[in-house]
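Report on the following structure.
Every read-out reported here was derived from the displayed coordinates using simple, explicitly stated rules and does not represent laboratory data. Just so it is clear, the model here is predicted, and its values are computed rather than measured. Cβ coordinates were reconstructed from backbone atoms using ideal geometry, including for glycine residues, and neighbour counts include every protein chain displayed.
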Amino acid sequence: MKSVDQDTDQRETSATRVRYDKWLWAARFYKTRSLAAQAIDAGQARLGGARVKPAHAVRIGDEVSIRRRGIVVEVVVTALGDRRGSATDAARLYQETAASVVAREQEDLARRQAIAAQPRFAGRPTKRERRKLEDFLNEP
């Protein structure tokens, strides 16, 4: 039979550690736990700069780096949660590092500039535009 001390010790350890895939899911980095586990296995989500298994325990103060769509987001675990809640609740589970914020904003700016530099076409020309183009090309 378990004593009361053993039972409280077990609750304290489970409250101070959460599975890595479950924490990523609760922090809303991934839509499902299976997607979080796939990202961990692929090395896209790292804990402390090292590849770990999805069942690895996450603790407060751990550094997590997540690579999605070419952008690396680095966060520090500020709270533990194993239940998925609102976005405001999820935002309380981590804090993004200052270097990560700057890098993410620079990448976003570079993407916007690349999109703006690309020529944009409205699609097929209208009948009037086609006639103007034909007149231009047929001039001597």
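One table, with the values for the structure above:
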{"read-out": "Any hit, the stretch 121-131, residues being touching a residue at least 24 places away in the same chain (Cβ under 8 Å), surrounded by 10 or more Cβ atoms within 10 Å (Cβ to Cβ) and not β-branched (Val, Ile, Thr)", "value": "no"}
{"read-out": "Count - residues of the stretch 12-30 that are among the aliphatic types (A, V, I, L, M) and under 16 Å from the mean Cα position of the chain (by Cα)", "value": "3"}
{"read-out": "Close pairs (8 angstrom Cβ cut-off, 6 or more residues apart or separate chains): under 20 Å from ALA87 (Cα atoms) and in contact (Cβ under 8 Å) with a residue 24 or more places away in the chain in the stretch 28-47, loosely packed, with under 15 Cβ neighbours inside 10 Å and among the hydrophobic types (A, V, I, L, M, F, W, C) anywhere", "value": "ARG28/ALA87"}
{"read-out": "Given (1) closer than 22 Å to SER34 by Cβ; (2) among the aliphatic types (A, V, I, L, M); (3) in a strand (DSSP E or B), index of the condition VAL76 fails", "value": "(1)"}
{"read-out": "Tally of residues being farther than 19 Å from SER100 by Cα, under 13 Å from the mean Cα position of the chain (by Cα), outside any loop (DSSP other than H, G, I, E, B) and among the β-branched types (Val, Ile, Thr) across the stretch 31-73", "value": "1"}
